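Only one structure is covered here, and it is reproduced in the block below.
The values are calculated or read from the model by the stated rules, or taken from the named source; none is laboratory data. Worth saying up front: this structure is predicted, and the values here are computed from it rather than measured. Positions of Cβ are backbone-derived with ideal geometry, glycine not excepted, and every protein chain shown enters the neighbour counts. Each accessible area value is taken on the protein alone, full model and side chains, heavy atoms only, with ligands, DNA and RNA left out. Shrake-Rupley method; radii C 1.70, N 1.55, O 1.52, S 1.80 Å.
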Amino acid sequence: DTAVSQTPKYLVTQMGNDKSIKCEQNLGHDTMYWYKQDSKKFLKIMFSYNNKELIINETVPNRFSPKSPDKAHLNLHINSLELGDSAVYFCASSHTLESYNSPLHFGNGTRLTVT
Amino acid sequence: QQQVKQSPQSLIVQKGGISIINCAYENTAFDYFPWYQQFPGKGPALLIAIRPDVSEKKEGRFTISFNKSAKQFSLHIMDSQPGDSATYFCAASRYQGAQKLVFGQGTRLTINP
């Protein structure tokens, strides 16, 4: 299936731990994103990479670090996890074209719970 | 600062009725206005999108109405079906090497059979 896939789907961990979320897309896109959806379902962009280069870096704690080994993968590493990091994290991808011609394709999310 | 405001937060419509969700934006530099549909446990999926040089776009039962002077746009779902029950998000962006979508707060739509 062509898609944006994220692993794991669920992640439960304790405060202070370090964790990673992996994302892969096989749509041939060259831009990838991380979005955070909070408990009220509000979606906010965190990062965007274009062909392994960081393009968008929102005001996110530096405990969050994206890593893009190639244009089909964008992983999210989170250090020293805090309770407030609990959320659903979505990976997305698109072509490097003007927005109208390249909509974002989202993965199904990783629900992170910090206890 | 919430750049895209969406209302209502929740909406209940009878099957066959018209569902209307409204959004207002602040940044006049936005040049792309998509609507996303999200089912529980899934990621948002593009439903329909419009550019600001067009006042209306229709795809099947879904229509976006866009009012540039008022900085408002809305989604109309005609002949609403139970399968349309989902959370709907409006968004806006200005392309800057990548799409920085700014989302509204979401509307939970329930279509009663």
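Each residue in segment B:22-50 was checked for being at the interface with chain A (Cβ under 7 Å from one of its Cβ atoms), assigned to a strand (DSSP E or B) and open to solvent by 60 Å² or more (accessible area, probe 1.4 Å), and 1 of them qualify.
What strands (runs of 3 or more DSSP E), lying completely within segment A:1-44, carry at least 3 residues that are in contact (Cβ under 8 Å) with a residue 24 or more places away in the chain, open to solvent by 60 Å² or more (accessible area, probe 1.4 Å) and of a type in the set (Val, Ile, Thr)? Before you say what the answer is, go through the steps one by one.
Working: elements: A:4-7, A:10-13, A:19-25, A:31-37.
Fully inside segment A:1-44 and qualifying: nothing.
Restricting B:Gln14, B:Gln3 to those that are polar (S, T, N, Q) and open to solvent by 80 Å² or more (accessible area, probe 1.4 Å) reduces the list to B:Gln14. Can you find, within segment B:79-101, the residue that is farthest from the chain's Cα centre (by Cα) among those that are within 14 Å of A:Ile45 (Cα to Cα) and open to solvent by 30 Å² or more (accessible area, probe 1.4 Å)? Filtering first and then ranking leaves B:Gln96.
The single condition among (1) polar (S, T, N, Q); (2) free of Cβ contacts under 8 Å to residues at least 60 places away in the same chain; (3) closer than 27 Å to B:Gln6 by Cβ that A:Ser93 does not satisfy is (2). With respect to A:Asn108, determine if the residue is within 10 Å of chain B (Cβ to nearest Cβ), of a type in the set (S, T, N, Q) and either under 15 Å from A:Ser20 (Cβ atoms) or part of a loop (DSSP other than H, G, I, E, B) (or both). Yes, satisfied.
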